[in-house]
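What follows is a single structure, written as structure tokens, with notes after it.
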Amino acid sequence: MHEKSSRFKRITFFKIYLTNTSIRSAMFSPIDYTDDEMGLMVETAIYAQWMHEKNDSLRYARWKVGQTEGEVDMVAIDTLKQKATWCLEIKWSNRFITRPIELKSLFYFCELNNLNTATVTTIDKDLSLMYNNVQLRFIPAAVYAFKIGYYSITK
């Protein structure tokens, strides 16, 4: 999907997620919560929680315009209208709460798709703030994953 929430005519980049984060530790060495690879594991864990929903409207957005590249980790699409309905940036960091300006791709995507809210995961901080005309909801990644799992078994 490109930045305007419609499908590519030709896919040149894709992501592969393990269905279980334990597979990574079994194949390679275990990681600590401070390791660089932890961000990828958090992204995999959150996608794995969403897989229980059998939701085929979830995508990620990646684009290149000139020399500028961007990506948003998770985007829900209204399949009939081919429009983004919400987006999520999966981070394993608390720094974006004090430096939301660093979420340039997220703001660009929100602006192009007329989204006025976005969610960003953190390590352990929970906060909402308005920045660049977007209401950002920061939520700990573990809490976000729990909520998705809880929703999928109680709905």
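The values are calculated or read from the model by the stated rules, or taken from the named source; none is laboratory data. The shown structure was predicted, so the numbers you read here are calculated from the model rather than taken from an experiment. Note: ideal-geometry Cβ built from the backbone for every residue, glycine included; neighbour counts use all protein chains shown. Just so you know, the surface numbers come from the protein's heavy atoms only, side chains and all, with ligands and any DNA or RNA stripped out. Shrake-Rupley method; radii C 1.70, N 1.55, O 1.52, S 1.80 Å.
Taken over the Cα atoms of the stretch 86-155, the convex hull encloses 85 Å³ per residue. Rounded if a/c is under 1.5, else prolate if a/b is larger than b/c, else oblate: which is the stretch 30-155, with a ≥ b ≥ c the root eigenvalues of its Cα gyration tensor? In terms of gyration-tensor shape, rounded. Note that the stretch 15-155 presents 60 Å² accessible area per residue, ligands and nucleic acids not counted, probe 1.4 Å.
The value of relative contact order for the stretch 43-155, using C-alpha pairs under 8 Å at least six residues apart, is 22 percent.
Give the shape of the stretch 43-105 as rounded, prolate or oblate, defined through the alpha-carbon gyration tensor: a ≥ b ≥ c are the square roots of its eigenvalues, a/c under 1.5 means rounded, and otherwise the shape is prolate if a/b is larger than b/c and oblate if not. It is oblate, given that a/c is not under 1.5 and a/b is not larger than b/c. Other residues with beta-carbon under 11 Å from the beta-carbon of Asn132 carry, at +1 per Lys or Arg and -1 per Asp or Glu, a net charge of 0.
Loop-located GluC sites (Glu not before Pro) in the stretch 44-149 (DSSP state not H, G, I, E or B) with no more than 14 neighbouring Cβ atoms inside 10 Å: Glu53.
Stretched out straight at 0.36 nm per residue, the stretch from Ser25 to His52 would grow longer than its current Cα-Cα span by 7.5 nm. With a 1.4 Å probe and all protein chains left in place, how much of the accessible area of the stretch 22-155 comes from carbon and sulfur atoms, in whole percent? The C+S portion of the solvent-accessible surface of the stretch 22-155 is 53 percent. Pairs exceeding 25 Å between alpha-carbon atoms, taken from Lys104/Lys155; Lys64/Lys125; Lys91/Lys147: Lys104/Lys155; Lys64/Lys125. Applying 0.36 nm per residue to the separation of Phe146 and Asn94 and subtracting their alpha-carbon distance, the gain on full extension is 16.9 nm.
Taken along the Cα-to-beta-carbon direction at a fixed 7 Å, the label points for Ile123 and Trp86 span 2.6 nm.
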